[in-house]
Amino acid sequence: MQIYNSMTNKKEEFVPISPGEIKMYACGPTVYNFIHVGNGRQIVAFDVIRRYLEYRGYNVKFVQNFTDVDDKIINRAKEEGITSEEVAKKYIEEYFTDAHGLGVRDATVHPKATETIGEIIEMVSILVEKGHAYEVNGDVYFRAHSYPQYGGLSKLPLEDLEAGARVDVNDIKESPADFALWKAAKPGEPYWESPWGKGRPGWHIECSAMSVKHLGKTIDIHGGGQDLTFPHHENEIAQSECANGCKFVNYWVHNGFLSVDNVKMSKSLGNFTLIRDAAAAYGYETLRMFLISAHYRSPLNYSEDSLIQAKAALDRLYTAKTNLEFLIKNGEDGSDNGKKELDVYRDKFIEAMDDDFNTADAIGALFEMVRKINTMTAEQPTKALAMACYDRLMELADILGILSAKAEEESLDEKVEAMIQARQEARKAKNFAEADRIRDELKAMNIILEDTPQGVKWKKA
Ligand code: AMP
Ligand code: ZN
């Protein structure tokens, strides 16, 4: 399996630290607002990566944090007249509503910064003791010059960073490239006691501390959106490697941006659509289908057209799934001959996913498989073949996290099937008025009926 490593800017053969086990960390959201479709791209990308690694037989320990103490949360709390904890709690719940809607599985651990303060203070203390950090007026800064590889991930050498920085005469830092590990408390802000007085952690240190706490000093995969490369991930590397004295991450994985009219979707530009609103318009699963339609590193543009396309693609897959379910119940007895012919599409799918998780090509293979399934089951409408096709379809769909039967869809299925049954019985009893009434009711529900040799089939208009 090949994974593109943003540290080397190359695809590399993936070799985990321990055979069969993967330690993976993705930077999670700062919980002060609902998440937008750009954030959704990141969480869905890592969910697919995790699902695929599990499909390939690895036991994946996946950590995704919540940044629950931060200036934006503190400002939000002031605006709403509630505490920072209340803001964080509310938006963590809202995060899970959207993540679950998108079919994103919970991480193995979702640690919070505020639950990791002891480990953060310990790490900062080690950095101070080793001379990699210094205290000024209750703040603690990382000394960028103490880590010669600084800039390795973002390919921004320290000299360039310093040359580009505006030097403020009041700056208390030794170098403009130094960054805060610990911030002295300002009045009215949440704080914790520390060897440097009352304060709170900087943003970057929390991921270093949570990663070592839950996964150990060296991990296989760490990632997030491309915008996190600098300064966040650059700083994480410097802190972790200086504190732990060993390599931090073997493969750096960064997803590309979701854009709107080719401009990155972001809160600060105001060009964002909340997942909540997009889901109300198109449905969560369509949104997921759209988000996986491109390779995770490619740019992806959010537009009405692409959502409509995603919906049409998903509908085609659901039609295939429903046809197979129908045949599994009503198909002929007979063999599942021909099922081996599907192997070629599964192999293609795996080949695409093995090539740096190329979901775009994998979806292509899935559609080829569906076309094959449709022709095979039309020629040989047996229960046994339908069952084999169904298993193969769902095996691949599950890696992408789509076609997962929704409770509401299932209850619709049951309701429609009961109505069809009642209509058949009314017809048998020559109660045509009742049969027509049921047909009209189904029509009003946008259900179209079709008589086939295997019985009545239905679909949504
Ligand atoms: P934030 O809430 O800005 O801290 O972002 C949380 C995660 O979403 C980070 O991993 C970001 O890199 C990612 N992210 C934010 N905006 C976008 C976007 N437009 N496209 C892709 N990923 C994004
Ligand atoms: Zn992080």
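The values are calculated or read from the model by the stated rules, or taken from the named source; none is laboratory data. Predicted, not measured: the structure shown is a model, and the values here were computed from it. Because the Cβ atoms are built from the backbone with ideal geometry, glycine has one as well, and the counts that use them run over all protein chains shown. Only protein heavy atoms, including side chains, enter the accessible area calculation; ligands, DNA and RNA are left aside. Shrake-Rupley method; radii C 1.70, N 1.55, O 1.52, S 1.80 Å.
Here the 3J(HN,Hα) profile of the range 77-88, calculated from phi with Karplus coefficients 6.51, -1.76 and 1.60 at θ = phi - 60°, is 4, 4, 4, 8, x, 10, 7, 4, 4, 5, 4, 4 Hz, Gly and Pro shown as x. Return the lysines within reach of LYS339: Cα separation strictly under 22 angstrom, same-chain partners fewer than 8 residues apart disregarded; answer none if there are no such residues. Partners within reach: LYS321, LYS329, LYS348, LYS372, LYS383. Taking the range 378-461 on its own, what percent of its Cα-Cα pair distances exceed 22 Å? Looking at the range 378-461, the distances longer than 22 Å represent 42 percent of pairs. Remark on ASN5: its backbone amide H falls under 5 Å from those of LYS10, LYS11, GLU12, a criterion applied only to residues 5 or more positions apart or on other chains, H modelled at 1.01 Å from N. Using just the alpha carbons, could you tell me how many Å³ per residue the convex hull of the chain encloses? Per residue, the Cα convex hull of the chain comes to 161 Å³. Label zone (ASP451, point 7 Å along Cα-to-C-beta; backbone nitrogen cut-off 13 Å) within the range 414-432: 424, 427-428.
Close amide H contacts of SER266 (hydrogens built in the peptide plane, cut-off under 5 Å, sequence separation of 5 or more or a different chain): ASN271, PHE272. A full extension of the chain between GLU304 and ASN59 corresponds to an added length of 84.4 nm, given 0.36 nm per residue minus the alpha carbon distance. Phi angles of the range 32-43 translate, via the Karplus equation with coefficients 6.51, -1.76, 1.60 and θ = phi - 60°, into HN-Hα couplings of 10, 6, 5, 7, 9, 5, x, 4, x, 4, 5, 5 Hz per residue; Gly and Pro are given as x.
Candidate cross-link partners of LYS173 among the lysines, defined by an alpha-carbon separation under 16 Å and a same-chain spacing of 8 or more, comprise LYS183.
Think of a 1.4 Å ball rolled over the protein heavy atoms: the range 230-388 then has 42 Å² of accessible area per residue.
With θ taken as phi - 60° and the Karplus curve 6.51 cos²θ - 1.76 cosθ + 1.60 applied, the whole-hertz 3J(HN,Hα) list for the range 245-258 is x, 8, 4, 8, 9, 8, 10, 9, 10, 10, 7, x, 7, 8 Hz, x standing for glycine and proline. Among the listed pairs LYS89/LYS213; LYS61/LYS198; LYS78/LYS311; LYS264/LYS311, those whose Cα-Cα separation exceeds 29 Å are LYS61/LYS198; LYS78/LYS311. Under the criterion of Cα pairs below 8 Å and six or more residues apart, the relative contact order for the chain equals 16 percent. Taking 17 Å as the straight-line reach from the Cα of LYS428, none of the lysines fall in range once those fewer than 8 positions away in the same chain are excluded. Taken as Cα centroids, the range 87-151 and the range 336-412 sit 41 Å apart, rounded to the nearest whole angstrom. Across the range 383-461, the mean sequence separation of Cα contacts (distance under 8 Å, 6 or more residues apart), normalised by length, yields a relative contact order of 15 percent.
When a 1.4 Å probe is rolled over the protein heavy atoms, the share of accessible surface on the chain that falls to carbon and sulfur comes to 50 percent.
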